[in-house]
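Structure first, commentary second.
Here, each number is a calculation from the coordinates, and none is a lab measurement. All values derive from a computational prediction rather than experimental measurement. Glycine also receives a Cβ, built like all others from the backbone with ideal geometry; neighbour counts cover every protein chain displayed.
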Amino acid sequence: MTINAVDQIIADDYAIYQGDACDLIRAIPDNSIHFGIHSPPFEGLYKFSNSDRDLSNSEGDAFWEHYGFLIRELLRVAMPGRLHSVHVMQLPTSKIRDGVIGMRDFRGEVIRAYEAAGWILHSEVCIWKDPVVAQQRTKSIRLLHKQIVKDSSISGQGLADYIVTFRKPGTNPVPVAGGFNRYIGSLPEPDRSKYTAPMDGRNWYSIEVWQRYASPVWTDINQTRTLQYRTARDELDEVHISPLQLDVIERCIDLWSNPGETVLTPFLGIGSEVYAAVEAGRRGIGFELKPSYFRQAATNLQSARDRAAAGSLFDVLNAAG
């Protein structure tokens, strides 16, 4: 695989490339990616850089033409029968930009774009968010209690996150098989004593984990568990760094890939998806256009490698003692 990138870092378990994902993904072979996950720019909501190649700087039909090319490429590189997960949310409208205060069905627009490209809608999960935190961050009058007192016809619920997952048509050649050996989330862990299968042969620990993950609403995501991003900010950019929670990424990776398989993200950002893939024993590939984000991703991934190496040395010293 030859990729012409501005910069690149290739390790045993990950490869990250700086450049335009629409260019870089062309070097990925057909039917080679086991699982993918990403959070795309939310059309018209935030600008991430000044580059005219940045998808976040496209709006309207230009956004969907730009993103549509990438969606089709993601389908090409995915293995038959395998999945790609997309983090989305409904978007707020405003009087200044849209003429009205309300909501826009961005989640539905993403679903229709993927289906138009040939993907099959596989599943979706709603991720609970604290409306108090959301109001403090967004300053939305929809969430203010004083708006209830004044005129509640403007008031509305907070905007949840969603993970919408799509499947490539065809038969999966390598089953994603096996139970869960860890729980990721903010609730107390299931009883570890149930990890050893009882007389009936069922792995009750894994069953309890699955019952939580199978819920259509994930209320047990740690909203603050994200990667470090402070040094990724550029003063000249209109930036909004909102890394996807590691709990969400890790659950999806555990659900829909096997250890040793390859996980792709076309929007690397500060490295969350590749970081989670490597931590879960997978191989990660990521593309990132913005130099400061790429540098922060490299730092985050190197920190993970350093920690793993230190842990290995600690284990050796303990064994020797």
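Considering only F166, L187, S140, and ranking their Cα positions along the charge dipole of segment 133-202 that arises from unit charges at the beta-carbon of Lys, Arg, Asp and Glu, the one farthest toward the positive end is S140. Look at D13, D98, D200 and count the other Cβ atoms within 10 Å of each Cβ; fewest to most, that gives D200, D98, D13.
Among the listed pairs K95/K150; K129/K168; K129/K194, which are separated by more than 28 Å between their Cα atoms? Table pairs above 28 Å Cα-Cα are K129/K168; K129/K194.
Ordered by the count of other Cβ atoms within 10 Å of each Cβ, fewest first, H145, H122 give H145, H122.
Each of L121, L289 was scored by other Cβ atoms within 10 Å of its Cβ. Arranged with the fewest first, they read L121, L289. Taking a Cβ cut-off of under 13 Å around A134, the surrounding Lys, Arg, Asp and Glu residues balance to a net charge of +2, with basic ones at +1 and acidic ones at -1. Placing +1 on each Lys and Arg Cβ and -1 on each Asp and Glu Cβ, with no other charges, gives segment 74-204 a dipole about its Cα centre of roughly 320 debye.
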